[in-house]
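Participant: Once you've had a glance at the structure underneath, I'll fire off some questions.
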Amino acid sequence: MDGNPVLLTGENGSGKLTIVDALLTLLVSNQRRNYNLSSGSGRRERSEVTYVKGAYGREQDKQGIAKIKFCRNENGNCSVLLARFTNYLLKENFTIAQFFWFDSGELKKFYVTANENLSIEKHFSEFQIASSLRIKLKSISHVNVYDSFSEYQINFLSAFGTKSLKAMDLFNQVVAIKEVGSLSEFVRKHMLEPKSVQDLIDQLFSNYENLNLSHQAILSARSQLDFLTPIGELNDLLCKQKKELDLIEQEEKKTPLFFNHKRKSVLDFQLYLDQIVQLKYFIQN
């Protein structure tokens, strides 16, 4: 395609949506993917299992019960989806692929990314079992093999320069749109997450109730603080006065020592005077 726009046309049932579903399989996780969306048949009509087994129609059995007709069964059959992308400006190539096979009736798969061009004929052929193919791919330089879609998606989104996973969700929604009438309706239906007005109203009331309870709790806590603040101030004053009282009591304990010292001084002086008087009396006699 050389980077040019492509118009794909064909009659109903010719496989146009199958190509779209193949791209969705490569780019969107199975949990969010919408197969055959534009047909209005719903998500469950097609699945990875029906594609791998090659569902092509329905037939009624003898009891009149409609059953799906398959091209392939689950014994030894596998499928490969592969897409190659080219950045012509930077001259870079990138490949994404998914390999599907059945194991004991259960559909298994692994995911591949490569910073080069891969092909189904060259890289996904000539193998006996899925594990040998995995080993073969891992041995190739610049090829990554993943077991989970999330790791695989992160790798190819990084290579595409896409920062948000929402891009793939939007692609999933709009890829199969056949016409756009009202732009507002298009944005509301395909680009915005569906929201229930009643759920929003209920959430608003719930948030208001939570905010009101939080406000009441703040007022109650503030009132408690107002009551506790004077207690704290009085406690600080009490501690200060207690320290002052302790100092006074310590000084009071020192008072007897002070007066005993003064008394000793007086008694010493009185003794001195008595000695002088006695000495004078002795001299006179």
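Read-outs: derived from the displayed coordinates by stated rules, not from any lab. It should be emphasised that the depicted structure is a prediction, and the values quoted were computed from it without experimental measurement. Positions of Cβ are backbone-derived with ideal geometry, glycine not excepted, and every protein chain shown enters the neighbour counts.
Participant: Between 0 and 90 degrees, rounded to the nearest ten: what's the tilt of helix 197-284 against the longest Cα principal axis of the chain?
Facilitator: 20 degrees
Participant: Additional query: With each run of n ≥ 4 DSSP H residues scored as -39500 (n - 2.57), what mean residue ellipticity at 222 nm is computed for the chain after dividing by its residue count and rounding to the nearest 500 deg cm²/dmol?
Facilitator: Working: 8 runs with 144 residues, N = 285.
So the helix-based figure for the chain works out to -17000 deg cm²/dmol.
Participant: Moving on. So if each residue of separation counts as 0.36 nm, and I subtract the Cα-Cα distance between His215 and Arg72, what length gain in nm does that give?
Facilitator: Details: separation 143, 0.36 × 143 = 51.48 nm, distance 6.61 nm.
The span from His215 to Arg72 would gain 44.9 nm if fully extended.
Participant: Between Asn4 and Phe205, what is the FRET efficiency for a Förster distance of 51 Å, r being their Cβ-Cβ separation, to the nearest 0.05?
Facilitator: Numbers: r = 54 Å, r/R0 = 1.06.
For R0 = 51 Å, the calculated efficiency reads 0.40.
Participant: Are there chymotrypsin sites (Phe, Trp or Tyr not before Pro) in region 24-127 that DSSP puts in a loop and that have at most 10 other Cβ atoms within 10 Å, and which ones?
Facilitator: On the way: sites: Tyr35, Tyr51, Tyr56, Phe70, Phe85, Tyr88, Phe94, Phe99, Phe100, Trp101, Phe102, Phe110, Tyr111, Phe124, Phe127; in loops: Tyr35, Tyr88, Phe124, Phe127.
Listed in order of number, the matching sites are Tyr88.
Participant: Tally Lys/Arg at +1 and Asp/Glu at -1 over every other residue whose Cβ is under 12 Å from the Cβ of Ser132; what's the total? Walk me through the numbers on the way to the answer.
Facilitator: On the way: positive: Arg134, Lys136, Lys138; negative: Glu126.
Local net charge: +2.
Participant: In the structure displayed, which of Lys53/Lys122; Lys16/Lys109; Lys67/Lys122; Lys108/Lys136 lie more than 27 Å apart, Cα to Cα?
Facilitator: On the way: Lys53/Lys122 23 Å; Lys16/Lys109 24 Å; Lys67/Lys122 36 Å; Lys108/Lys136 18 Å.
With Cα atoms farther than 27 Å apart: Lys67/Lys122.
Participant: While we're looking at this one, here's another question. Counting Lys +1, Arg +1, Asp -1, Glu -1, what net charge surrounds Glu116 among other residues with beta carbon under 14 Å of its beta carbon?
Facilitator: Working: positive: Arg84, Lys91, Lys122; negative: Glu92.
Residues near Glu116 contribute +2 overall.
Participant: Using only C-alpha positions, report the orientation-averaged shadow area of the convex hull of region 195-285, nm², one decimal. Before the final figure, lay out each step's value.
Facilitator: On the way: hull surface 37.0 nm².
Taking a quarter of the hull surface, the average projection is 9.2 nm².
Participant: By how many nm would the segment from Tyr56 to Leu245 grow when fully extended, if each residue of separation counts as 0.36 nm and the alpha-carbon distance is taken off? The partial results should precede the final answer.
Facilitator: Working: separation 189, 0.36 × 189 = 68.04 nm, distance 10.18 nm.
Value of the extension gain: 57.9 nm.
Participant: So, one more: Which percent, nearest 5, of DSSP beta bridges in region 16-180 are antiparallel? Before the final figure, lay out each step's value.
Facilitator: Numbers: 28 of 28 bridges.
Of all bridge pairs located within region 16-180, approximately 100 percent are antiparallel.
Participant: While we're looking at this one, here's another question. Within region 82-155, report the GluC sites (Glu not before Pro) that DSSP leaves as loop and that have at most 15 other Cβ atoms within 10 Å.
Facilitator: Numbers: sites: Glu92, Glu106, Glu116, Glu121, Glu126, Glu151; in loops: Glu116, Glu126.
Answer by residue number: Glu116, Glu126.
Participant: Here's a follow-up. Can you tell me the length gained on complete extension of the stretch Asp147 to Glu106, counting 0.36 nm per residue apart and subtracting the Cα distance? All intermediate terms of the calculation are to be shown ahead of the outcome.
Facilitator: On the way: separation 41, 0.36 × 41 = 14.76 nm, distance 1.53 nm.
Extra length available between Asp147 and Glu106 comes to 13.2 nm.
Participant: Quick one: net charge around Ile68, please, counting Lys, Arg +1 and Asp, Glu -1 for every other residue with C-beta under 9 Å from its C-beta.
Facilitator: Numbers: positive: Lys53, Arg58, Lys67, Lys69; negative: Glu59.
Result for the local shell: +3.
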